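Worksheet: the structure to be examined is printed underneath.
The values are calculated or read from the model by the stated rules, or taken from the named source; none is laboratory data. Every value quoted in this text rests on a predicted model; they were computed, and no experiment measured them. So basically every Cβ, Gly included, is an ideal-geometry build from the backbone, and we count neighbours across all protein chains shown. Surface areas here come from the heavy atoms of the whole protein model, side chains and all, with no ligands, DNA or RNA. Shrake-Rupley method; radii C 1.70, N 1.55, O 1.52, S 1.80 Å.
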Amino acid sequence: MSLSSARQRRATAASPPTDDGYAKDAKDRRRRPGGDGDSEDEGIKWFLPFLALGLLRHMSASSNLIHDCDEVFNYWEPLHFLLYRSGFQTWEYSSDFALRSYLYLFFHALVAGPASLIFGEHKVRVFYSVRIFLGLISTITETVLVVALSRRYGKRLACYVLAMLCLSSGCFFASTSFLPSSFSMYAVTLSSALFLLEKYAGAVSVAAAGVILGWPFSILVFLPVTVYSLIRGSFRRVFLSGFVTSLCFLVLSFVADYYCYGRLTFSVFNLLKYNVIGGGESHLYGTEGFSFYFRNGFNNFNFAFILALLFLGVVPFARKKYAPDLLIVVSPVYIWLAFMSLQAHKEERFLYPIYSLICVAAAAVIDSLPDFFHDKYSSDQSIFEKIAKGLRPLILGFILCASHSRTFSMLNGYGAPLQIYQHLEHHDDTGPGSILCVGSEWHRYPSSFFIPSYISEVRWIDDGFRGLLPFPFNETLGGTTAAPSYFNNKNKAAEGQYLKDIGACNLLVELDLRRPYPSRGSDLSTWEALAALPFLDRELSPALYRSFFIPYRWQQNNVFGLYKLLRRLHPDHA
C-alpha cells in the first residue's frame, strides 16, 4: 500500500460525515451562485418560505391582539388623526415634549392614506390594511433570512428556522404589531440576512434605517453586524452607505417633526434625552424584576428560548459551522437581554427586535445536537449520534406544538375587545351624536378605527385610575402643533380627563369579571347588553391552563368573565 494512499484514507476517515451538508466543498458551492453544485446545494428557493410566512403573517394580521396600549395611543391614534382629523393624543405627542417621530407614522400612511380613500367610512378595513402591510414587510425580511441561512448552512437549519418563524407565538404576535420595536425586528432580520449573504453595505444601511425610522435604542442590536460589516467589506463603501442612509432619514425625521410639531425639534434626540441623558422617568409607568424578560421569553418561545440561550455552549462543538458568522448574527440576543434586564422599566414589546434571532439560535442548537456525540476520528456514527439525529424533529415538533398552543390560548382568551368594538357598526340605531364611555378597560381600547361615525366622541369614566390618560387632539389649539397645558410627563391625572356626568353615556364598554362588587352593566334597569363575549380571568385561572391551550382542559380549568357592549335604556324602556 502506497504512502499517499494511506494518507488519503486517513484523511477521509478523519473528516466529519457530510450528510449534514457542512463539508467545506459543499459550503463553498452553496456560497458561489455560479458554482457547479446541483440545485440542492443552492439552498431553499424563495417561493416556499415566502408562501409559508405569507400565509401565517396574513393570519396574524387578521387575528392578532393588541398587546400594548402604547400601540394604540402612540401609533394608531395619531395615524387616525392624520387621516380623519380625530383621535387621541398622548403627552409624548405634545409639542412641548415631542418624543415621537411623525416620520414613522408617515411611512405607514403610505398605505393607510390610499386605503382610507378606497374604503371610505369603513375604517376597520383601513386598520387591517395597515396590518397586512406590516405582515408583508415581515414576510419579505424573514424570507430573505431563511434563504440566506439555507445558502450558508444548509436546508435543514433553514427549514428549522422557517418553522419557528411561522409558528412561534412571539413572532406571530410581534410581526403585525404597529410598533417601532416591531419595525426594528424587521430591520434586524433583514440586516442579519444581508450580512450572511455578504451584502455588507446593504446590511449597514438597513441597520441605520432600523435605528432612526424604528427605535433608536435598538442600535445595540445592530452593533455586531455593523462592526463586522465595516471590517469585512470595503470600509469606505460600507461606511458611506450607512452614513448616507442615516443622514437621509435624520433629515426626513427633522422635516416631519418640524411640519407636525410646528417648531424646530428633533424627536429622536428628545427620546434619547428623556430616557438616557436626563435620567428618564420611565419607571413611572411600572417596573419589573431582573427575570421579567426571561419569563416573558419562555412564554413566547417556550423551550426554544432556553435552547437559544444555550447557543454559546454549542459553538465549541460546531465551531466550523457557526463561528464566526452565525455567532455574530446571534450575539445581539445576549447583548440585548443583558442591557434590557438592567433597566427598571420593562415591557414585552422591548424584546421584539431579537425575536427572529431567538429562532435562529434555537434552530442552530437543535441542528447541532449530533455534534455533541460525533467522533471526528471515526467515519462511523455512534448510536448516540443516531439517536440525537432522530430527536431533532421530535424536539422541534414539541416546541412548535407548544407555541401553537400558546397562540391559540391568547387569541381565544383575550380576543374579545377587538370583536366587541366591531359590534358597534351594527348599532347605529343608537342615534347620531352618541357618546361611548369606557372605564377601567381604557387600556384595551383598540383605536378610533373601530368607532363608527354615529358616535360623536369616546370618553373615559373614573374607575380609580390616577395616571394620565390620553386626550383628544385639539384642533382649536393647533392639532399636532398643540402643547396643551393638561399634559405632563409625571404620569399624573389631569383635570378633565374623566367624564363626570355618566348619565351622558349612551354606550358603555366594560369587563365583568363577576367579582363580589357589582358592575355597572348589572343594573338591568339602566343598561341592555348588545353583545357579550367570554374573556379569560387571569387572576383566577391557573398559570398553566391560561398560558397554553390544552384540549379538553382549557375551557374546563380556566375562569372567564364577560366583555360587554352595553346601551343605555330609554326611559320608556326602563
Within the range 316-348, restricting to residues that are hydroxyl-bearing (Ser, Thr, Tyr) and open to solvent by 10 Å² or more (accessible area, probe 1.4 Å), the one that is farthest from Asp367 (Cα to Cα) is Tyr334
Across the range 74-107, what is the total count of residues that are touching a His at 6+ places or on another chain (Cβ under 9 Å) and either assigned to a helix (DSSP H, G or I) or under 30 Å from Arg406 (Cα atoms) (or both)? 2
When the range 463-508 is checked residue by residue, the ones that are β-branched (Val, Ile, Thr) and crowded, with 18+ Cβ neighbours inside 10 Å are Thr480
Checking the condition within 22 Å of the chain's Cα centre (by Cα) and among the basic types (Lys, Arg), which residue from Arg295, Arg263 passes? Arg295
If you check Phe249, Phe217, which single one turns out to be at pLDDT 95 or above and either buried (at least 19 other Cβ atoms within 10 Å of the Cβ) or assigned to a helix (DSSP H, G or I) (or both)? Phe249
Of the residues in the range 310-319, those that are in contact (Cβ under 8 Å) with a residue 24 or more places away in the chain and in a helix (DSSP H, G or I) come to Phe311, Val314
Every listed condition ((1) in a helix (DSSP H, G or I); (2) over 23 Å from Ile231 (Cβ atoms)) holds for Ile335 save (2)
State yes or no: is Lys376 in a loop (DSSP other than H, G, I, E, B), in the same structural domain as Asn275 (by the TED database), open to solvent by 10 Å² or more (accessible area, probe 1.4 Å) and modelled with pLDDT of 90 or more? no
So, in the range 500-550, exactly how many residues are aromatic (Phe, Trp, Tyr), over 30 Å from Phe408 (Cα atoms) and touching a Lys or Arg at 6+ places or on another chain (Cβ under 8 Å)? 1
Flagged in the range 188-202 as open to solvent by 10 Å² or more (accessible area, probe 1.4 Å) and aromatic (Phe, Trp, Tyr), in numbering order, are Tyr200
Flag if Phe398 is open to solvent by 40 Å² or more (accessible area, probe 1.4 Å), touching a helix residue (DSSP H, G or I) at 6+ places or on another chain (Cβ under 8 Å) and modelled with pLDDT under 90: no
If only one of Ser205, Ser168 is open to solvent by less than 20 Å² (accessible area, probe 1.4 Å), of a type in the set (Ser, Thr, Tyr) and either touching a Phe, Trp or Tyr at 6+ places or on another chain (Cβ under 9 Å) or at negative phi (or both), which one is it? Ser168
Looking at this structure, is Leu511 open to solvent by less than 50 Å² (accessible area, probe 1.4 Å), within 25 Å of Phe560 (Cα to Cα) and in the same structural domain as Glu539 (by the TED database)? yes
Just for helices (runs of 4 or more DSSP H) wholly inside the range 122-209: which have at least 2 residues that are touching a Pro at 6+ places or on another chain (Cβ under 7 Å) and at pLDDT 95 or above? 123-153, 180-196
Before we move on, is Asp367 out of contact with any Pro (no Cβ under 7 Å at 6 or more places or on another chain), acidic (Asp, Glu) and open to solvent by less than 60 Å² (accessible area, probe 1.4 Å)? yes
Among the residues of the range 518-561, the number that are open to solvent by 30 Å² or more (accessible area, probe 1.4 Å) and touching a Ser or Thr at 6+ places or on another chain (Cβ under 6 Å) is 3
Taking the conditions exactly as written (surrounded by 19 or more Cβ atoms within 10 Å (Cβ to Cβ) and touching a Gly at 6+ places or on another chain (Cβ under 6 Å)), does Gly154 satisfy them or not? yes
Within the range 60-88, considering residues that are open to solvent by less than 30 Å² (accessible area, probe 1.4 Å) and hydroxyl-bearing (Ser, Thr, Tyr), the one farthest from Leu136 (Cα to Cα): Tyr75
Quick check: anything in the range 320-329 in the same structural domain as Ala402 (by the TED database), modelled with pLDDT under 95 and not in a helix (DSSP H, G or I)? yes
Inspect all residues belonging to the range 255-276 and state whether any of them is among the hydrophobic types (A, V, I, L, M, F, W, C) and farther than 30 Å from Leu477 by Cα. yes
Are any residues in the range 381-391 in a helix (DSSP H, G or I) and either open to solvent by 50 Å² or more (accessible area, probe 1.4 Å) or at pLDDT 95 or above (or both), and if so, which ones? Ile383, Phe384, Lys386, Ile387, Leu391
Would a scan of the range 96-115 turn up a residue that is among the hydroxyl-bearing types (Ser, Thr, Tyr) and surrounded by fewer than 22 Cβ atoms within 10 Å (Cβ to Cβ)? no
Asn296 vs. criteria in contact with a Gly (Cβ under 7 Å, 6 or more places away or on another chain) and under 30 Å from Leu99 (Cα atoms): no
Would you mind stating whether Tyr128 is touching a residue at least 60 places away in the same chain (Cβ under 8 Å) and open to solvent by 30 Å² or more (accessible area, probe 1.4 Å)? yes
Within the range 417-453, restricting to residues that are aromatic (Phe, Trp, Tyr) and in contact with a Cys (Cβ under 9 Å, 6 or more places away or on another chain), the one that is least open to solvent (accessible area, probe 1.4 Å) is Tyr445
